[in-house]
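*Asks:* Pasting in a structure now, in structure tokens, and then I'll have a few things to ask.
The values are calculated or read from the model by the stated rules, or taken from the named source; none is laboratory data. Just so you know, these numbers come straight off a predicted model, no measurement behind them. Virtual Cβ from ideal backbone geometry, glycine too; neighbours counted across all protein chains shown.
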Amino acid sequence: MKHLIICGEYPPAPFPPGGIGTYVMHIARLLAESGETVHVITQLWAGAAKRIEEKCQGRLIIHRVPLDDWDSFLLRSPNSEQRAKEVKALSQSCFPAQAFSWQASLLAEQLVEEEGIDLIEAQDYEAPLYYFQLRRALGLGPKQTPPCLIHLHSPTEFIAQHNDWDISLPNLLTAKRLEDYSIGAADALLCPSQYFANQAETHYGLTKGSIQVIPLPIGDNPTLKRDSETWQQGNISYIGRLERRKGVLEWIEAAVEVAESHPTAQFEFIGTNCLGSHRISGEEFVERQIPDHLKARFHFRGRQNRSVLPRFLRRSRIAVVPSRWENFPNTCVEAMCSGLPVIASPEGGMVEMIKDGETGWLADSASSQSLATVLKRALETPPAEIAEMGDKAAFSIRQMCDNERILEKHLELRQQLVDHKAKRSLCLPVNLPWQKQPLSNESAHRVAKTDAEGIAVVISCFNDGEILDKCLQSVANQSQKPIKIVIVDSGSTDEQTLKGLRQAEWDGLQIIQNKKGDPVSAKNLGIKTILQSECKPLGFAFFEAKHIFYPNFIETCESTLRKCPEVGVVSCWAREGGSEQAWVKPCPSFPYQWLTNEAVPFSVVRTETLHEVNQFRAEMHQGYEDWDLLNAILAAGWVAVTLPEILADDWSGNSSVLNMPSIHAHGRMRREMLERFPGLVARDAQEIALLSSLNPVPSIQQELSTPQGKQFLTQIILSSFKEATFRILGKVKSTVFQVLSSFLKPIRKQAV
């Protein structure tokens, strides 16, 4: 078989590789040494400057994608300039890690075509396979469809929860959403511990036993010799990042308590200190936890290269894994392999690795009190017995994680996946965890109508002058022509616009007048006009003169509607005209869609959905009609997607923000949208509160119908308005600066 593994942490990496990078290093080598062909996609950087590197007699091929100079990497591609803009936009987004996912996915598509890849594996963390899966489901990827295996290591949502992070922060929330999609679109899921497999099945609504459990391989970890003095006085060692999830705070508290009664105990910490905050460094934070008279017995070694870790393990007598939450920690595997018994919390795969009293000591919980109790047990164990426990630990973990046994299980699983072929990854996930439904639920799939064809375009116009010509030219340059174009003019009076409209009419476009003058009536009038004609469009695109489209916009959107009958709305990435900024959002979905419209205003809407939701509502205006329509389409059970490609330039910026007349209009529009679907809002109320950084309201579903419930929704409205306010102020500041600069320029010249 030919395997492809995507992992930005494959060593040498720009940052210390964790368990994910170590696993990929081991499994890639084991597969290659057994005769399999393995391609690995990882990061190109100063410490690993070769773009392609071969090992294991050419059976292990490492491909590295650059962190910055992506343009030069695609010089042979006619779209290299466009791809470079997309990578830059992703790297400047709230979640920069997706720039690697985008590059890796494009390279993966190339390798699938050129190398005949049989199976693709990637981790859950940071979703490096997300864009490959999304493009495949939308029909944009290669014809060959190898199955996608997602290895569950440590989803961002679980890390955030146990690190006391706010998951509603934009970077964490985007990571969670991409990871949720990647997990939901996997053909199979693999996990190294039964502990997390059980949690994941419950959390993601999966069928019990649907996640394959295979422990991590042992790799090349040696057993280390220790003398009797080490078994009597050696360090109690923690190896790993010093972060809250790892239980470091509880462990230090427990160690300080026990150190008072055990004066010879020495505690060592090896790893990067991540305990700091914006007010205090990690080192200072740790210093405050340890009394002055004990500090000489607590040794913090900081980040260390992997090659020197055996030196620290050799002078230790006990290792510790006190985590609040873990999966199958590689640090525990390495410590036990080296011949150390391990103190551990029960919150992770450590309970599967350690037999209490024989190969280590398991605490009752991850609390400092439980860790202190189990530490006392360990320190009261005779040195000879600790040494014997270390021998048993090395033997048991080598049996559980034996390289040959793990390789055999991997080959069996991978062959089964190749034989069964890709299934789930060929389609869009119907739902994701926020929706409280099993990922396997297929109820939202639709049957496509066969008599519809083409995309109809409605262009709203009012005194748009020169930019109208650019918009019309971009429509004329489409690789696939719209089935019909209607321009709805709302009473333009300036000569340049009127000239452009006359030219458009001479070119055969239909011009109609909107007497009401508002955007909603203009769009609905365009829909009515087109539906009364003989054409039966598959979908509608609603343009304004300030939107300039790339030549493949219509073709790509129409292809998506044909490929995915469950899709009701097709959005895309878009660049803010005249700037390097770009709109790069995930696919719109609830509950996120309640707080902000995640689709571009020129999204393509399936015609069936317009019939189903009764077009644009007359009471909505100022850009909210697009948001309201998308909410209604999603509420009706349709799926919305965002094409991962820049397909247009928007010269208006965020129109829904710029056109806001006042906070009162904003509140009124938001209230109209939320009150339209009280049942769905009630269903998502707790998530809405969490995403708005508000405290959860008890029994919120019952409270929404009360005056207090309405007050709660008002708080949501104000919270979502805050971001818009800052954006407006930023634009005002920029405009004022430009005006002042032009005013002061002649004065400066006179002064000189």
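*Asks:* Mind listing whichever residues of the stretch 231-243 are buried (at least 18 other Cβ atoms within 10 Å of the Cβ) and assigned to a helix (DSSP H, G or I)?
*Replies:* W231
*Asks:* Output the residues belonging to the stretch 562-612 that are within 23 Å of P429 (Cα to Cα) and hydroxyl-bearing (S, T, Y).
*Replies:* S571, S589, Y592, T596, S603, T607, T609
*Asks:* Residue by residue through the stretch 202-215, note down the ones that are closer than 14 Å to H153 by Cα and of a type outside the set (A, V, I, L, M). Walk me through it before giving the result.
*Replies:* Of all residues in the stretch 202-215, those closer than 14 Å to H153 by Cα come to 211-215.
Answer for the stretch 202-215, where residues must be closer than 14 Å to H153 by Cα and of a type outside the set (A, V, I, L, M): Q212, P215.
*Asks:* How about the stretch 324-344: which of its residues are touching a Phe, Trp or Tyr at 6+ places or on another chain (Cβ under 9 Å) and either surrounded by fewer than 24 Cβ atoms within 10 Å (Cβ to Cβ) or assigned to a loop (DSSP other than H, G, I, E, B) (or both)?
*Replies:* W325, E326, N327, F328, P341
*Asks:* I would also like to ask the following. Checking D518 against (1) modelled with pLDDT of 90 or more; (2) in contact with a Ser or Thr (Cβ under 8 Å, 6 or more places away or on another chain); (3) not aromatic (F, W, Y), which single condition isn't satisfied?
*Replies:* Of the numbered conditions (1) modelled with pLDDT of 90 or more; (2) in contact with a Ser or Thr (Cβ under 8 Å, 6 or more places away or on another chain); (3) not aromatic (F, W, Y), the odd one out for D518 is (1).
*Asks:* Tell me the residue from A632, A636, A599 that is surrounded by fewer than 20 Cβ atoms within 10 Å (Cβ to Cβ), in contact with a helix residue (DSSP H, G or I) (Cβ under 8 Å, 6 or more places away or on another chain) and among the small types (G, A, S), please.
*Replies:* On the way: A632 fails: surrounded by fewer than 20 Cβ atoms within 10 Å (Cβ to Cβ); A599 fails: surrounded by fewer than 20 Cβ atoms within 10 Å (Cβ to Cβ).
The unique qualifying residue is A636.
*Asks:* All but one of (1) touching a Phe, Trp or Tyr at 6+ places or on another chain (Cβ under 9 Å); (2) within 20 Å of L309 (Cα to Cα) hold for Q233; state the number of the condition that does not hold.
*Replies:* Of everything listed in (1) touching a Phe, Trp or Tyr at 6+ places or on another chain (Cβ under 9 Å); (2) within 20 Å of L309 (Cα to Cα), Q233 misses just condition (1).
*Asks:* Something else: Could you list, in sequence order, the residues of the stretch 346-398 that are β-branched (V, I, T), free of Cβ contacts under 8 Å to residues at least 40 places away in the same chain and in contact with a strand residue (DSSP E or B) (Cβ under 9 Å, 6 or more places away or on another chain)?
*Replies:* I354, T359, V374, T381
*Asks:* List every residue pair whose Cβ atoms sit under 7 Å apart, with the two residues 6 or more apart in sequence or on different chains, where the first one lies in the stretch 487-505 and is in the same structural domain as A476 (by TED's automatic domain parsing) and the second, anywhere, is of a type in the set (D, E, K, R) and surrounded by 19 or more Cβ atoms within 10 Å (Cβ to Cβ).
*Replies:* So the pair list comes out as T497/D464; L501/D489.
*Asks:* I'd like the residue in the stretch 305-323 that is among the β-branched types (V, I, T) and buried (at least 24 other Cβ atoms within 10 Å of the Cβ) and, out of all such residues, is nearest to T381 (Cα to Cα).
*Replies:* Initially, the stretch 305-323 is screened for residues among the β-branched types (V, I, T), giving 308, 318, 320-321.
Add one more test, that the residue is buried (at least 24 other Cβ atoms within 10 Å of the Cβ), and what stays is 318, 320-321.
Working: I318: 11, V320: 15, V321: 18 Å.
The residue in question is I318.
*Asks:* Scan the stretch 321-331 and give yes if some residue there is in contact with a strand residue (DSSP E or B) (Cβ under 6 Å, 6 or more places away or on another chain) and over 18 Å from R245 (Cβ atoms), otherwise no.
*Replies:* Of the stretch 321-331, the ones in contact with a strand residue (DSSP E or B) (Cβ under 6 Å, 6 or more places away or on another chain) are 321, 329, 331.
Narrowing further to those that are over 18 Å from R245 (Cβ atoms): none.
No, the conditions are met nowhere in the stretch 321-331.
*Asks:* So, K536, is that one at pLDDT below 95, touching a helix residue (DSSP H, G or I) at 6+ places or on another chain (Cβ under 9 Å) and either of a type in the set (F, W, Y) or surrounded by fewer than 20 Cβ atoms within 10 Å (Cβ to Cβ) (or both) or not?
*Replies:* Working: at pLDDT below 95: yes; touching a helix residue (DSSP H, G or I) at 6+ places or on another chain (Cβ under 9 Å): yes; either of a type in the set (F, W, Y) or surrounded by fewer than 20 Cβ atoms within 10 Å (Cβ to Cβ) (or both): yes.
So K536 fits the description; yes.
*Asks:* If a residue must be in a loop (DSSP other than H, G, I, E, B), touching a Lys or Arg at 6+ places or on another chain (Cβ under 6 Å) and modelled with pLDDT of 90 or more, how many such residues does the stretch 141-163 contain?
*Replies:* Here is the first cut: in the stretch 141-163, the ones in a loop (DSSP other than H, G, I, E, B) are 141-147, 152-155, 163.
Next, only the ones that are touching a Lys or Arg at 6+ places or on another chain (Cβ under 6 Å) stay: 141, 163.
Then drop every residue that is not modelled with pLDDT of 90 or more, which leaves 163.
The qualifying residues number 1.
*Asks:* Considering (1) of a type outside the set (G, A, S); (2) in contact with a Ser or Thr (Cβ under 9 Å, 6 or more places away or on another chain); (3) free of Cβ contacts under 8 Å to residues at least 12 places away in the same chain, say which one L90 fails and leave the rest.
*Replies:* Only one criterion in (1) of a type outside the set (G, A, S); (2) in contact with a Ser or Thr (Cβ under 9 Å, 6 or more places away or on another chain); (3) free of Cβ contacts under 8 Å to residues at least 12 places away in the same chain is unmet by L90, namely (3).
*Asks:* Using the structure shown, decide if T223 is surrounded by fewer than 23 Cβ atoms within 10 Å (Cβ to Cβ), in a loop (DSSP other than H, G, I, E, B) and in the same structural domain as A393 (by TED's automatic domain parsing). Reasoning before the result, please.
*Replies:* Working: surrounded by fewer than 23 Cβ atoms within 10 Å (Cβ to Cβ): yes; in a loop (DSSP other than H, G, I, E, B): yes; in the same structural domain as A393 (by TED's automatic domain parsing): no.
Considered against the rule, which asks whether it is surrounded by fewer than 23 Cβ atoms within 10 Å (Cβ to Cβ), in a loop (DSSP other than H, G, I, E, B) and in the same structural domain as A393 (by TED's automatic domain parsing), T223 comes out as no.
*Asks:* Is it fair to say T156 is under 16 Å from L691 (Cβ atoms) and hydroxyl-bearing (S, T, Y)? I'd like the intermediate steps shown before the answer.
*Replies:* Values: under 16 Å from L691 (Cβ atoms): yes; hydroxyl-bearing (S, T, Y): yes.
Spelling it out, T156 is indeed under 16 Å from L691 (Cβ atoms) and hydroxyl-bearing (S, T, Y).
*Asks:* Checking the structure you have, find out if any residue of the stretch 251-268 is over 15 Å from S368 (Cβ atoms) and not in a loop (DSSP other than H, G, I, E, B). Working first, answer last.
*Replies:* Residues of the stretch 251-268 that are over 15 Å from S368 (Cβ atoms), as a first pass: 261-266, 268.
Those left that are additionally not in a loop (DSSP other than H, G, I, E, B): 268.
Yes, the stretch 251-268 has at least one match.
*Asks:* Among the listed residues Y195, Y130, which satisfies the condition of being out of contact with any Pro (no Cβ under 8 Å at 6 or more places or on another chain) and within 17 Å of G348 (Cα to Cα)? Don't jump to the end; show me each part of the working.
*Replies:* Working: Y130 fails: within 17 Å of G348 (Cα to Cα).
That would be Y195, the only listed residue that is out of contact with any Pro (no Cβ under 8 Å at 6 or more places or on another chain) and within 17 Å of G348 (Cα to Cα).
*Asks:* Could you grab me the full set of residues in the stretch 184-198 that are in contact (Cβ under 8 Å) with a residue 12 or more places away in the chain and either of a type outside the set (F, W, Y) or not assigned by TED's automatic domain parsing to the domain that holds E121 (or both)? Show your work before the answer.
*Replies:* So in the stretch 184-198, the residues in contact (Cβ under 8 Å) with a residue 12 or more places away in the chain come out as 184-197.
Once the filter is applied, which keeps residues that are in contact (Cβ under 8 Å) with a residue 12 or more places away in the chain and either of a type outside the set (F, W, Y) or not assigned by TED's automatic domain parsing to the domain that holds E121 (or both), the stretch 184-198 yields G184, A185, A186, D187, A188, L189, L190, C191, P192, S193, Q194, A197.
*Asks:* Which one of these is modelled with pLDDT under 95 and more than 21 Å from L680 (Cβ to Cβ): W638, W583? Full working, then the answer.
*Replies:* Numbers: W638 fails: more than 21 Å from L680 (Cβ to Cβ).
None of the other options fit; the residue is W583.
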